[in-house]
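In what follows, a single structure is set out as structure tokens and then discussed.
The values are calculated or read from the model by the stated rules, or taken from the named source; none is laboratory data. For clarity, every value in this text was computed on a predicted model and none was experimentally measured. Counting neighbours? That spans all protein chains shown, and the Cβs are built from the backbone with ideal geometry, glycine included.
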Amino acid sequence: MLILIFTIQSMVSCGVSHSSVLSGQSLFDSYASNYFFHEGVKKADAGYYDAAMDLMNYSLETDTTSAAACYNMAQYLLSTGEGEKSEQLLKRAIRLAPDNYWYHRLLAVNYSMRHKTQSAIGQLEKMVVQFPGRSDILLELADLYEETGQFSKELRMLDRYGKMEDVEEQLKGKRFLCYLLMGESDSAYYEADRPEEMIERLLQSASSLAGAEIVQQFCATVIRHEPDKYEPYYFHAIIDNLKGETDKALAMLNDGIVQVSGHDGKAQLYSLKGQFHHSMGMMEETFADYDSALVHNPDEIGVLNNYAYFLSLEDNDLERALSMSARTLEKEPLNATYLDTYAWILFRMHRYQEALSWLEKALRYLDQDNPEIYEHYGDALFMCGEKEKALENWHRAVQLKSESKTIDRKIREEQYLE
């Protein structure tokens with residue numbers, strides 16, 4: 001059964017009524033059209049939508065000057081995918097009753113549903129003039145302006161809507177995006193109550209490098225206004241790194257370390273600097289960065305985990321690594337990543353049975369499959385004499401697209417390899 005976009009009853013309640021212009025029509029035709037129209041309403045009330053539309057069509061055929069019948073038939077045609085026929089009927093309804101808001105409104109919906117965006121914009125622009133008290137038109141038009149990149153026009157619509165509905169404060173986020181996309185970073189800054197949060201949200205939603213660069217420009221603006229916040233340096237550096245400009249990223253982090261006074265902020269910047277140095281294979285610098293981070297925040301959990309894991313990979317100061325990893329588990333005892341780190345340090349200390357126990361726990365609390373943890377589990381199983389189970393888990397790691405350089409050889413040679 002077809003459910004209409006709007007029921008006929010609801011449209012009648014919005015001011016739609018059947019009236020026949022008798023010029024060129026017989027009195028009988030007028031009465032017949034009126035009868036079919038109201039019978040159609042009854043059928044719609046009862047849920048017989050196809051029958052209702054048949055009666056509306058009879059009404060329209062009997063009296064071609066019925067704006068209401070044109071409108072209701074247009075709804076039916078639009079809902080069945082016959083948008084062009086619906087458009088023509090709506091235009092006829094508007095000619096017959098030019099002051100009816102709902103006829104104009106459905107024509108705009110018709111254009112939008114058919115992706116005729118410019119036609120929808122033109123229709124809504126006419127409605128803004130003709131129906132100045134309807135705030136919903138302003139907001140919909142603002143959305144279409146945003147969709148088509150007409151940000152200055154969007155701002156005007158938002159301004160009118162905010163004043164009409166007394167919601168100017170609630171529109172700050174939309175105005176922020178307008179200014180940002182227009183390249184007016186300072187205006188965007190003044191619309192953001194917490195610019196550091198906006199930076200992170202924007203970067204998470206950026207779908208391209210071009211989008212990330214817009215975020216980077218905003219980071220630079222925030223740094224000019226509030227040089228003591230660590231977030232703009234942090235995310236600016238991330239984007240520099242994404243662009244392959246690691247030297248610029250490190251320089252930005254160094255600037256932030258000098259400018260930011262808060263210990264937590266400095267710790268975050270040193271932590272990211274350590275990650276960059278690690279990606280460059282500069283382990284001595286990585287450990288120095290992590291040491292600096294922990295001076296400013298001894299409980300920085302991400303640094304503790306990474307530092308401990310990297311030390312284990314280097315077979316360097318394993319007792320200290322185990323101690324740092326244990327501190328992460330004090331804070332997040334069910335974190336699979338931290339459990340894996342702790343287990344791997346035990347493995348590197350040749351405490352294989354203990355490592356196996358912790359890896360089994362890590363797998364129990366795994367949110368999503370992780371090839372590295374399955375490979376580590378296979379390694380521990382092998383060292384505990386469970387070769388078949390080890391091979392199963394190494395195969396599982398491969399199925400999960402492991403990037404390990406030794407996993408294929410482990411399977412092929414059926415033994416653990418460093």
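May I ask you to say which residue of Tyr338, Tyr377, Tyr365, Tyr352 is outside the structural domain of Asp291 (by TED's automatic domain parsing) and in contact with a Ser or Thr (Cβ under 9 Å, 6 or more places away or on another chain)?
Exactly one residue qualifies, and that residue is Tyr338.
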Among the listed residues Tyr290, Tyr233, which satisfies the condition of being among the aromatic types (Phe, Trp, Tyr), crowded, with 21+ Cβ neighbours inside 10 Å and farther than 30 Å from Glu319 by Cβ?
Tyr233
When you scan region 255-262, do you find a residue that is in a helix (DSSP H, G or I), in the same structural domain as His225 (by TED's automatic domain parsing), buried (at least 21 other Cβ atoms within 10 Å of the Cβ) and without any contact (Cβ under 8 Å) to a residue 40 or more places away in the chain, even just one?
yes
If only one of Asn305, Asn335 is touching a residue at least 24 places away in the same chain (Cβ under 8 Å) and closer than 26 Å to Ile257 by Cα, which one is it?
Asn305
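Please verify whether region 140-148 includes one or more residues that are more than 24 Å from the chain's Cα centre (by Cα), in a helix (DSSP H, G or I) and not assigned by TED's automatic domain parsing to the domain that holds Leu202.
For region 140-148, residues more than 24 Å from the chain's Cα centre (by Cα), in a helix (DSSP H, G or I) and not assigned by TED's automatic domain parsing to the domain that holds Leu202: absent.
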Kindly indicate which of Ile238, Ile223 is more than 21 Å from Tyr179 (Cα to Cα) and modelled with pLDDT of 95 or more.
Ile238
Among what's in region 169-190 and is part of a helix (DSSP H, G or I) and among the aliphatic types (A, V, I, L, M), pick the residue that is surrounded by the fewest Cβ atoms within 10 Å (Cβ to Cβ).
Leu181
The residue from Ser325, Ser292 that alone is farther than 25 Å from Ala206 by Cα, in contact with a Ser or Thr (Cβ under 7 Å, 6 or more places away or on another chain) and assigned to a helix (DSSP H, G or I) is Ser325
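Taking the options Glu330, Glu372, Glu403, Glu319, name whichever one is modelled with pLDDT of 95 or more and over 25 Å from Ala288 (Cα atoms).
After applying the criteria, what remains is Glu372.
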Look at Asp193 and say whether it is under 22 Å from the mean Cα position of the chain (by Cα), in a loop (DSSP other than H, G, I, E, B) and within 23 Å of Gln259 (Cα to Cα).
yes
